[in-house]
Amino acid sequence: MKKIAILGSTGSIGTQALELLHDSDNYQIDYLYTNSNYELLYKQIISTKPKFACINCEDSYNKLIEINDTNTEIICGLNNSLDFIKSRKVDLSLNAIVGISGLKPTLNVIESGTKFLALANKESLVMAGELVTKIADEKGVKILPVDSEHSAIWQCLTGENNLDISRIILTASGGPFRTLDKNSFKSITVEDALNHPNWEMGNKITIDSATMMNKGFEVIETKWLFGISEDRIDIIVHPQSIIHSMVEFNDTSIKAQLGFPDMKIPINYALHYPKHTKLNLNPLNLDLIGQLTFEKPDLNKFQCIQLAYDAMKSGGTSPAILNIANDLSVELFLNEKIEFNHIPKLIELCIANHDYISEPCIDDIFAQITWVKNHINKNTFIS
């Protein structure tokens with residue numbers, strides 16, 4: 001029986017993963033990890049009977065201890081949880097933690113010598129891709145992509161020689177403002193930006209889809225997951241979100257992976273790799289869909305894409321600044337303190353003005369958070 005750890009178990013990806021594993025006799029949940037949602041964590045403990053559960057928030061820990069009547073050992077506090085992750089080797093760890101706080105757990109999972117790391121935390125590869133992949137190679141840990149686009153690429157490359165790759169093509173829905181004139185971006189409201197046409201996601205990633213920064217992040221992830229240079233990674237807008245990505249080979253043939261836009265498909269494949277186990281989903285009927293369309297992304301409207309390519313090419317601390325500045329800018333927009341079209345402007349300011357480090361260590365990367373916060377506070381109101 002394989003031992004599995006779910007980090008970020010109370011979030012969207014984590015809860016779906018536990019649903020997919022619920023009726024399996026081949027897997028044992030070894031530990032769960034969450035920040036503060038003790039009520040849902042307790043329900044998950046009862047349902048999955050893990051040996052351990054980690055919770056970062058002390059107040060939530062105390063409330064969990066009061067109601068916990070199971071044999072699961074509860075670990076309290078961020079530092080204790082991180083130390084535990086580093087010491088606990090399992091067969092597969094799913095990192096579904098949202099945001100920058102998922103980076104250190106990624107590194108600690110790798111240090112533990114876990115066989116497979118199913119990675120749904122974008123920040124790990126965007127902010128520290130070179131560091132993460134280097135340590136994973138040294139420890140013999142295989143990183144399995146969970147994002148639908150990277151899962152599609154991974155599946156297309158099964159059985160193929162990487163030397164035969166001409167380019168990788170990431171598909172993008174285009175978000176809610178694909179057809180909106182750029183002159184109207186100034187008047188975009190939070191409610192407008194949260195109205196994604198295809199996917200049900202959290203607020204942060206929905207805004208990233210609206211600015212298309214999510215696709216820029218995915219380009220950076222693609223570089224580190226598949227070892228391919230940025231000049232061979234392209235983006236194509238595909239509004240139906242049926243083709244999740246494609247690989248073009250040297251002979252100009254193209255492989256594509258198709259499916260309904262449902263995150264359970266890539267989560268399930270990562271959990272059960274290399275098998276495509278049965279899912280209770282409706283099959284994809286192309287005759288009912290009718291047509292699939294494609295168009296180039298408008299880099300003039302969606303400047304975040306170019307910012308991501310430039311940061312990836314620059315390397316060093318630039319991608320970390322890109323990520324941190326985007327997080328803070330999106331938060332300001334969600335709180336209605338800046339306009340939608342201020343997001344790329346703030347990010348560009350931060351990248352242009354930060355003290356660049358060509359080969360940052362993990363402490364260098366986290367040190368950028370304070371600098372970016374201070375810099376954005378000085379430049380919140382942009383003309």
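With one equal scatterer per alpha carbon and no solvent term, the Debye-computed log10 I(q)/I(0) for the stretch 202-286 at 0.12, 0.15, 0.17, 0.26 1/Å reads -0.47, -0.75, -0.97, -1.42.
Measuring r between the beta carbons of residue 166 and residue 292 and using R0 = 25 Å, the FRET efficiency lands at 0.75. The eigenvalues of the Cα gyration tensor, multiplied by 5 and square-rooted, give the stretch 168-218 an equivalent ellipsoid with semi-axes of 18, 13, 9 Å from largest to smallest.
If we count every other residue with Cβ under 15 angstrom of residue 76's Cβ, Lys/Arg +1 and Asp/Glu -1, where does the sum land? Charge balance near residue 76 sits at -4. For the chain, the share of alpha carbon pairs falling in successive 20 Å distance bins from zero is 28, 60, 13, 0 percent.
Here the spin labels are modelled as points 7 Å beyond Cα on the Cα-Cβ line, and at residue 15 and residue 101 they lie 1.7 nm apart. When the pairs 182/373; 3/373; 86/255; 104/345; 63/134 are compared against a 31 Å limit on Cα-Cα distance, 3/373; 86/255; 63/134 fall above it.
Distance from the alpha carbon centroid of the stretch 76-94 to that of the stretch 187-221 works out to 31 angstrom. Using Cα-only point scatterers and the Debye equation, what is log10 of I(q)/I(0) for the stretch 1-84 at each q in 0.11 Å⁻¹, rounded to two decimals? Reported log10 I(q)/I(0), two decimals: -0.25. Where does the chain land at 222 nm, in deg cm²/dmol rounded to the nearest 500, when only DSSP H runs of n ≥ 4 count, each adding -39500 (n - 2.57), divided by all residues? After summing the helix terms and dividing by residue count, I get -14000 deg cm²/dmol. With all pairs of different alpha carbon atoms counted, what Kirkwood hydrodynamic radius in Å does the stretch 262-383 show? Result for the stretch 262-383 stands at 17.5 Å. Could you tell me the relative contact order of the stretch 279-374? Use alpha-carbon pairs under 8 Å, at least six residues apart, and round to a whole percent. Relative contact order here is 30 percent.
In the chain, the portion of solvent-accessible area held by carbon and sulfur atoms comes to 47 percent [1.4 Å probe, whole percent, DNA, RNA and ligands not counted]. The alpha carbons of the stretch 233-333 occupy a box of 41, 33, 31 Å along the principal axes, longest dimension given first. Measuring how big the stretch 75-120 is from its alpha-carbon positions, Rg and Dmax come out at 9.8, 25 Å. Answer rounded, prolate or oblate for the stretch 106-255, using the Cα gyration tensor with square roots of eigenvalues a ≥ b ≥ c: rounded when a/c is under 1.5, else prolate when a/b is larger than b/c, else oblate. Oblate.
The values are calculated or read from the model by the stated rules, or taken from the named source; none is laboratory data. Predicted, not measured: the structure shown is a model, and the values here were computed from it. Every residue, glycine as well, gets a Cβ built from its backbone with ideal geometry; the counts of neighbours run over all protein chains shown. Side chains are part of the model used for accessible areas, which takes the heavy atoms of the whole protein and leaves out ligands, DNA and RNA. Shrake-Rupley method; radii C 1.70, N 1.55, O 1.52, S 1.80 Å.
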